[in-house]
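Where a number appears in this text, it was derived from the coordinates with a stated rule and is not lab data. Everything numeric here is computed off the predicted structure, so don't read it as measured data. Methodologically, a virtual Cβ is constructed for each residue, glycine included, from the backbone with ideal geometry; neighbour enumeration extends over all protein chains shown.
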Amino acid sequence: ATPMSIIAGVGRAAEFGVLVRDADALQRASSLTTLVFDKTGTLTEGKPQVTEVVTFGNYEAARAVAQAAALEQGSNHPLAQAIVAYASNHRLPETEQFRTLSGYGVSGTIDAIPLLLGNRALMEQHQIDVRAADETIMRMAQHGATPVLLAADGQLAALFAIRDPLRQESVSALKRLHNLGYRLLMLTGDNEVTARAIAQEAGLDEVIAGVLPEGKAQAIKQLQQQGQQVAMIGDGINDAPALAQADVGIALGSGSDVAIETAAITLMRHDLTAVADALSIAKATLRNMK
Ligand code: ADP
Ligand code: MG
């Protein structure tokens, strides 16, 4: 009877738009303790927007916007798309020596002036003095926006606030998962203050922030070493190693092909309530077998 009920469970999950790779995946999904969520595009809509631009030392706002967008044209990060969209009515200058600095931002040269665009850690690596922006950075982050800094020729030039609102169903979906007894965590490369503001709004227990892409799988491993059975829920290419490391990787169906190939469970609906559906079915199926 046991293999039959597993097959029934996999079939029932499919009715809810949840693809379970195999019997083993369903079994592991029935005994999880901890759910780890990627932030961008998983808890949030993944369509961030620029909500504020502040400049420093008489730097012209239009110039800062055009330069930032010119740099970000070379990046496929969601933050980059926000800046490019914001500059849609600007003429963008030519960029040379463009580089993507994974987990930090981008750099390049425009009109022979070296530019850096990204987070505070990037500015610190290059000894840019960001004290003039400190208060504004803090205010933006406490409101759940991600601060992105522009430095030109070694000087702080501008600060962008970029907001990525929570997905509409995140709060209710996470409440349901809480009621099922899981510990809920957020894992993100974003800064800690922004991450905490969003985690609080969403109703998550804990935040692991400021994690570099290659550190995400390691963060999952640490939770496992503490004896937790961990699912990772994500959509990005960045997340594939963490999805693989987790006891159960759960990919959002609209995510990258790599994420879907790696995951034990794929949600065909881009909807976090499908996570609760999937785990409830796994639990019910395995309970019936005992
Ligand atoms: P996540 O996918 O969790 O947001 P990333 O590792 O992609 O994390 O990025 C971490 C942080 O690095 C971002 O929150 C942002 O501050 C900065 N960053 C990365 N890429 C860019 C970019 N193209 N433009 C501006 N900032 C960036
Ligand atoms: Mg990501």
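Taken over the chain, the convex hull of the Cα atoms encloses 121 Å³ per residue. Comparing PHE160, VAL36, VAL10 along the charge dipole axis of the chain, the residue lying farthest to the positive side is VAL10, per the Cβ-charge model. Charging the Cβ of each Asp and Glu at -1 and of each Lys and Arg at +1, and nothing else, the dipole of segment 49-163 about its Cα centre rounds to 280 debye. Counting only Cβ charges, +1 for Lys and Arg and -1 for Asp and Glu, the dipole size of segment 1-112 around its Cα centre is about 260 debye. For the listed peptides 240-252, 7-19, a ranking on the average number of other beta carbons within 10 Å per residue, highest first, reads 240-252, 7-19.
One chain, two ends: ASP22 and HIS90. Fully extended at 0.36 nm per residue, the span grows by 19.4 nm beyond their Cα-Cα distance. Across the options ALA195, MET232, GLN125, the greatest Cα extent toward the positive end of the charge dipole of the chain (unit charges at beta carbon of Lys, Arg, Asp, Glu) belongs to MET232.
In segment 49-163, Cα pairs under 8 Å separated by at least six residues give a relative contact order of 30 percent.
Once each part is reduced to its C-alpha centroid, what is the distance from segment 126-153 to segment 1-19 in angstrom? Centre-to-centre distance over Cα atoms comes out at 49 Å. Counted over the chain, the DSSP beta bridges are approximately 60% antiparallel.
Stretching GLU135 away from GLU60 to a fully extended chain increases their span by 25.0 nm, per 0.36 nm per residue minus the current alpha-carbon distance. Put simply, when 136-149, 45-58 are sorted by average Cβ atoms within 10 angstrom per residue, most first, you get 136-149, 45-58.
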